[in-house]
1. Quick one: is Thr74 under 18 Å from Asp45 (Cα atoms) and either touching a Pro at 6+ places or on another chain (Cβ under 6 Å) or free of Cβ contacts under 8 Å to residues at least 60 places away in the same chain (or both)?
2. Only one of Val105, Val143, Val118 is β-branched (Val, Ile, Thr), at pLDDT 95 or above and open to solvent by less than 30 Å² (accessible area, probe 1.4 Å). Can you tell me which?
3. Hey, could you check segment 1-12 for residues that are touching a helix residue (DSSP H, G or I) at 6+ places or on another chain (Cβ under 9 Å) and modelled with pLDDT of 80 or more and say which is surrounded by the fewest Cβ atoms within 10 Å (Cβ to Cβ)?
4. Just give me the residues in segment 53-63 being surrounded by fewer than 17 Cβ atoms within 10 Å (Cβ to Cβ) and within 20 Å of Thr88 (Cβ to Cβ), in sequence order.
5. For segment 123-140, what are the residues that are under 18 Å from Val52 (Cβ atoms) and open to solvent by 40 Å² or more (accessible area, probe 1.4 Å)?
6. Out of all the residues in segment 162-175, which are part of a helix (DSSP H, G or I), touching a residue at least 60 places away in the same chain (Cβ under 8 Å) and over 16 Å from the mean Cα position of the chain (by Cα)?
Amino acid sequence: AEKLATIDAAQLSRAEKITADVLRHELVIGIQTARACPTWLWEVDQLSGPQVSFAELPNYHRITTRKNADDLLTRYSKIPDYLTKHQTELHRGLARNYLAPHSAVERVIQQMSDQLKVAPKDSAYVASVALPATWSEQERATVTSALETSTREHVYPALRRYQAFIRTEILPSAR
């Protein structure tokens, strides 16, 4: 917003002025909203929470090379740290009396129960990964095995801890 204020509106076309006005409005409203309602301190979301977005990673992470596969494995290995930080923020929110809706918290707990019932090899973290048809069976098997191991050793334990935290810390105080 500050940088936008440095632009000389007289130098802009009519369309650019409209774009700048809309951008300015969106930035100001976004900042005001974040200050008034810091969602990262309370939001437990069954539609776009981490338990959903992480499971969708294979849909958006295109693999054409071994490096691409290794990058996805790196992303999986970082899920525990992300969820730990998210839990810390939710805990800070609880201390400030920012509370998630009870119904959303229950849905998120159930989503994770449903995800964790599935064997890692059949989970979205492995089964949804599209590997190149041009890869040898050995290469495909190696990457699939690594994805399964990462899911079993990184993703699932992190989801279990997150679910336990949501169940024991967030649900009792949910609104």
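1. When the stated conditions are applied, Thr74 does not pass them.
2. Details: Val105 fails: at pLDDT 95 or above; Val118 fails: open to solvent by less than 30 Å² (accessible area, probe 1.4 Å).
None of the others qualify; the one that does is Val143.
3. Only one residue tops the list, namely Ala9.
4. Taking segment 53-63 and keeping what is surrounded by fewer than 17 Cβ atoms within 10 Å (Cβ to Cβ), we get 53, 56, 59-62.
Of everything in segment 53-63, just one residue is surrounded by fewer than 17 Cβ atoms within 10 Å (Cβ to Cβ) and within 20 Å of Thr88 (Cβ to Cβ), namely Ser53.
5. Within segment 123-140, Ala127, Ser128 meet the criteria.
6. Result: Phe165, Glu169, Ile170, Leu171, Ser173.
The values are calculated or read from the model by the stated rules, or taken from the named source; none is laboratory data. Every value quoted in this text rests on a predicted model; they were computed, and no experiment measured them. With ideal geometry, Cβ positions are generated from the backbone for all residues, glycine too; neighbour counts draw on all protein chains shown. Ligands, DNA and RNA are excluded from the accessible area calculation, which covers all protein heavy atoms including side chains. Shrake-Rupley method; radii C 1.70, N 1.55, O 1.52, S 1.80 Å.
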